[in-house]
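Single-structure report; data block below.
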There are 2 protein chains.
Amino acid sequence: MESAVADPPRGLAGVAVTITRISEIDGARGELRYRGYAIESLAMRPFLEVVGLVIDGELPDDRSIKQVEGFLSTERAMTPAQAALLSVLPRDTHPMTMLEVALPLGDSAEQKRAPVNRSRADQRQVLLALAAKVPTLVAAWLRIRVGLSAIDPDPALPIHADFLRMLTGKRPMAEEVALLDATQILQMEHGLNASTFAARVVASTLAPMSMALSAAVAALFGPLHGGADEAAYKMALAIGDPDGVPAWVDATLARKEKIMGLGHREYRVVDPRAVVLRELAHRVAAAKGLLPVLRTLSRVDDYAAEHFAKEGKAIRANVEFYKGAVFASLGLPPDAFTALFVMARIYGWGAHILELWDDHALYRPSAIYRGEPLREIAQAT
Amino acid sequence: MESAVADPPRGLAGVAVTITRISEIDGARGELRYRGYAIESLAMRPFLEVVGLVIDGELPDDRSIKQVEGFLSTERAMTPAQAALLSVLPRDTHPMTMLEVALPLGDSAEQKRAPVNRSRADQRQVLLALAAKVPTLVAAWLRIRVGLSAIDPDPALPIHADFLRMLTGKRPMAEEVALLDATQILQMEHGLNASTFAARVVASTLAPMSMALSAAVAALFGPLHGGADEAAYKMALAIGDPDGVPAWVDATLARKEKIMGLGHREYRVVDPRAVVLRELAHRVAAAKGLLPVLRTLSRVDDYAAEHFAKEGKAIRANVEFYKGAVFASLGLPPDAFTALFVMARIYGWGAHILELWDDHALYRPSAIYRGEPLREIAQAT
């Protein structure tokens with residue numbers, strides 16, 4: 001028997017698999033930093049500034065911001081292959097499946113050549129060109145699948161303003177764009193979650209950027225990773241009026257059921273992103289009439305926190321908890337929330353892939369074999 | 001400074017990330033076993049028997065083989081979404097990119113629902129239905145991209161016989177089918193390489209089988225993982241006649257260049273798959289006129305081995321070394337060799353995904369942060 005060998009930690013919990021300079025999570029203190037800057041200080045910065053920071057490591061100067069803006073504008077149109085794909089996809093294709101399938105069609109055969117022969121600047125450009133197309137793809141698919149025509153991008157608009165216009169056909173209000181910018185900054189990067197890890201494992205073989213990003217989308221589609229925003233939003237809809245919250249929370253906890261979007265495996269006291277998002281959503285609600293579910297959600301967050309505090313536990317909403325209400329207020333259907341996650345996290349995934357390629361090693365872990373010992377095929381047959 | 005924290009092992013080398021019962025590699029002794037059976041004893045068994053063994057853990061009985069055969073026959077036709085995809089893909093799309101994109105279109109929205117709510121038998125069926133379509137997709141794409149029409153599958157034929165027929169339009173010889181069956185058995189499963197690990201990481205989020213398999217294809221496309229078969233085959237073509245081998249090998253090693261397909265990071269004395277494949281290819285060569293490159297390859301293997309032996313090193317061909325010549329003899333173009341790898345390894349990937357789901361845990365490792373310490377955004381701007 002091989003039971004003398006200790007079991008590996010389940011899910012690699014607590015196992016450091018790499019060194020990174022991109023983000024730092026201090027779960028005990030409820031802190032998240034991108035490249036050393038606290039998330040609270042970044043949430044209201046210009047979106048492109050944070051994109052540049054996450055990818056390149058420093059807050060970009062004006063020239064660098066203009067360059068990123070240039071890529072995200074001129075590269076925003078789908079490739080012909082992506083457009084052709086969307087024209088033939090079955091209409092019940094989930095937006096996440098669409099993105100997994102569309103990403104590898106977003107670059108050229110030349111751009112897929114082994115990254116070892118390409119400069120970081122080249123690969124960064126491939127990343128930005130792929131990322132630029134994601135809002136276009138999501139907006140187009142949400143229209144095409146219900147029988148509407150896709151709306152072409154307008155490179156003169158900032159990327160999120162253009163996304164909302166391509167989605168609804170109308171120019172969005174400035175408050176809506178600001179809310180989307182901030183929400184996307186909050187979910188741009190978060191260390192080695194399963195999707196980022198998947199991107200790194202695939203990229204470690206020197207597979208193309210587009211195909212590694214596609215694999216990350218696949219991982220994010222799993223309900224253990226993405227999707228709590230949708231669940232929390234639907235919960236709020238089901239509860240309805242904020243007055244119904246105490247009875248609903250009491251009954252749910254009495255049944256020992258989990259409330260989706262509360263608590264976080266790393267943040268022990270508070271998820272700093274949830275604090276920013278809640279505050280921001282309430283501020284915008286005044287100007288724009290954010291959905292009433294936001295009041296219901298806040299009430300669940302506060303009421304459940306009081307309940308848990310009596311048991312000596314600090315359990316508050318995580319970033320997923322408020323995100324669904326924000327996206328719904330911007331006109332997005334619940335099954336597109338995770339695709340919005342991709343629109344933001346793609347920059348974090350890309351930063352990790354570029355970091356890996358700066359000093360890469362193939363991921364090739366081992367396994368402990370506990371199956372049948374050597375045996376022989378019985379004669380007969 | 002955080003330099004007190006030790007660096008993580010590069011690429012998780014030597015880190016056990018899971019327990020497995022599927023295959024066992026004894027690199028020091030040059031042994032590979034699927035479910036306890038030595039690869040040498042499996043190579044000439046019926047292909048479907050080994051598929052059943054790898055997926056289910058035991059050599060299947062006749063009833064079980066019939067059931068697997070049934071799935072691999074009736075599910076062999078592309079889905080309408082896959083057929084539509086191939087009709088619009090740019091013709092320069094690499095067969096591996098095609099497979100990454102086509103796999104998530106190979107199951108239904110219903111089959112993509114979280115695997116936690118499905119039985120192992122259900123998921124196994126999804127796997128077989130996806131795997132059944134891979135030969136059809138590869139054969140169709142190799143024809144469509146050069147302007148020929150795809151040939152419909154014939155469910156009455158065994159899967160590899162049908163693949164060769166869909167590829168060339170002609171019924172293959174029995175020796176060709178036997179050679180392909182054996183080659184595919186040899187590369188069906190090989191522990192936690194990067195593609196299998198990618199499949200596990202994605203599946204650990206409870207993402208659908210089809211999307212986790214797609215991520216594995218992406219990893220296998222990386223030149224550090226797949227592709228040595230193509231390189232070795234092209235080397236043999238470049239060398240030409242076997243008489244040219246000694247001079248070519250001497251010159252290459254004098255330049256300190258690597259010879260593709262020689263040596264293996266795990267097998268220290270010999271890759272047992274290469275031994276079987278070399279012997280098999282030579283046996284078939286007599287009946288079928290296998291490409292002359294096989295003689296050149298054997299000569300490189302033997303001559304280089306003598307050279308390395310003088311330096312006290314045991315370096316022999318790995319399985320990739322002979323595979324390209326085998327595939328070329330079956331009419332496959334070099335850029336399709338890795339797609340043939342997918343046709344076999346998909347059963348190994350699937351077995352790992354099913355094993356993971358039997359007792360799954362989300363992969364969520366950690367990273368060591370060595371970036372900027374907390375800093376503040378300078379005023380101005």
Helices (runs of 4 or more DSSP H) within segment B:148-223 that include 1 or more residues of a type in the set (Asp, Glu): B:159-168, B:174-186
Pair list, Cβ under 8 Å, 6 or more apart: segment B:110-130 residue in the same structural domain as B:PHE71 (by TED's automatic domain parsing), other residue acidic (Asp, Glu) and surrounded by 15 or more Cβ atoms within 10 Å (Cβ to Cβ): B:ARG124/B:ASP56; B:VAL126/B:ASP107; B:LEU128/B:GLU75; B:ALA129/B:GLU75; B:ALA129/B:ASP107; B:LEU130/B:ASP107
Report, by residue number, each residue of segment A:81-104 that is open to solvent by 10 Å² or more (accessible area, probe 1.4 Å) and within 8 Å of chain B (Cβ to nearest Cβ). A:ALA81, A:ALA84, A:SER87, A:VAL88, A:LEU89, A:PRO90, A:ASP92, A:THR93, A:HIS94
Could you please tell me which pairs satisfy a Cβ distance under 8 Å, a separation of 6+ or placement on different chains, a first residue in segment A:4-15 that is touching a residue at least 24 places away in the same chain (Cβ under 8 Å) and more than 7 Å from every other protein chain (Cβ to nearest Cβ), and a second residue that is of a type in the set (Gly, Ala, Ser) and part of a loop (DSSP other than H, G, I, E, B)? none
Conditions (1) within 14 Å of chain B (Cβ to nearest Cβ); (2) open to solvent by 10 Å² or more (accessible area, probe 1.4 Å) -> A:PHE197 fails only (2)
Taking segment A:49-60 and the residues there that are without any contact (Cβ under 8 Å) to a residue 60 or more places away in the chain and open to solvent by less than 30 Å² (accessible area, probe 1.4 Å), the one that is farthest from the other protein chains (Cβ to nearest Cβ) would be A:GLY52
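Could you tell me whether any residue of segment B:282-296 is assigned by TED's automatic domain parsing to the domain that holds B:HIS94, without any contact (Cβ under 8 Å) to a residue 40 or more places away in the chain and not in a loop (DSSP other than H, G, I, E, B)?
Among the residues of segment B:282-296, not one is assigned by TED's automatic domain parsing to the domain that holds B:HIS94, without any contact (Cβ under 8 Å) to a residue 40 or more places away in the chain and not in a loop (DSSP other than H, G, I, E, B), which makes the answer no.
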Among the residues of segment A:319-328, is any in the same structural domain as A:PRO242 (by TED's automatic domain parsing) and without any contact (Cβ under 8 Å) to a residue 12 or more places away in the chain? no
Residue count for segment A:24-43, restricted to those that are open to solvent by less than 20 Å² (accessible area, probe 1.4 Å), more than 7 Å from chain B (Cβ to nearest Cβ) and touching a Leu at 6+ places or on another chain (Cβ under 7 Å): 3
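Look at B:ASP358 and say whether it is open to solvent by 10 Å² or more (accessible area, probe 1.4 Å), within 14 Å of chain A (Cβ to nearest Cβ) and within 18 Å of the chain's Cα centre (by Cα).
Details: open to solvent by 10 Å² or more (accessible area, probe 1.4 Å): yes; within 14 Å of chain A (Cβ to nearest Cβ): yes; within 18 Å of the chain's Cα centre (by Cα): no.
Considered against the rule, which asks whether it is open to solvent by 10 Å² or more (accessible area, probe 1.4 Å), within 14 Å of chain A (Cβ to nearest Cβ) and within 18 Å of the chain's Cα centre (by Cα), B:ASP358 comes out as no.
Answer with yes or no whether A:THR183 is in contact with a Gly (Cβ under 9 Å, 6 or more places away or on another chain) and crowded, with 24+ Cβ neighbours inside 10 Å.
Details: in contact with a Gly (Cβ under 9 Å, 6 or more places away or on another chain): no; crowded, with 24+ Cβ neighbours inside 10 Å: yes.
Spelling it out, it is not the case that A:THR183 is in contact with a Gly (Cβ under 9 Å, 6 or more places away or on another chain) and crowded, with 24+ Cβ neighbours inside 10 Å.
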Counting only residues that are among the small types (Gly, Ala, Ser) and touching an Asp or Glu at 6+ places or on another chain (Cβ under 8 Å), segment A:1-51 contains a total of 6
May I ask you to list the residues in segment A:335-363 that are touching a Gly at 6+ places or on another chain (Cβ under 7 Å), over 12 Å from A:ARG200 (Cα atoms) and not aromatic (Phe, Trp, Tyr)? A:THR338
Search result, residues across segment A:13-43 that are assigned to a loop (DSSP other than H, G, I, E, B) and within 17 Å of the chain's Cα centre (by Cα): A:ILE22, A:ALA43
Within segment A:209-233, residues within 7 Å of another protein chain (Cβ to nearest Cβ) and open to solvent by less than 10 Å² (accessible area, probe 1.4 Å) come out as A:MET211, A:ALA212, A:SER214, A:ALA215, A:ALA218, A:ALA219, A:GLY222
Checklist (1) under 30 Å from A:HIS225 (Cα atoms); (2) more than 7 Å from chain A (Cβ to nearest Cβ); (3) free of Cβ contacts under 8 Å to residues at least 12 places away in the same chain applied to B:ARG63, failing item: (1)
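The values are calculated or read from the model by the stated rules, or taken from the named source; none is laboratory data. Here the structure is a predicted model, which is why all the values come from computation and not from measurement. Don't worry about glycine lacking a Cβ; one is built from the backbone with ideal geometry, like all the others, and counts go over all protein chains shown. What goes into the accessible areas is simple: the full protein's heavy atoms, side chains included, and nothing from ligands, DNA or RNA. Shrake-Rupley method; radii C 1.70, N 1.55, O 1.52, S 1.80 Å.
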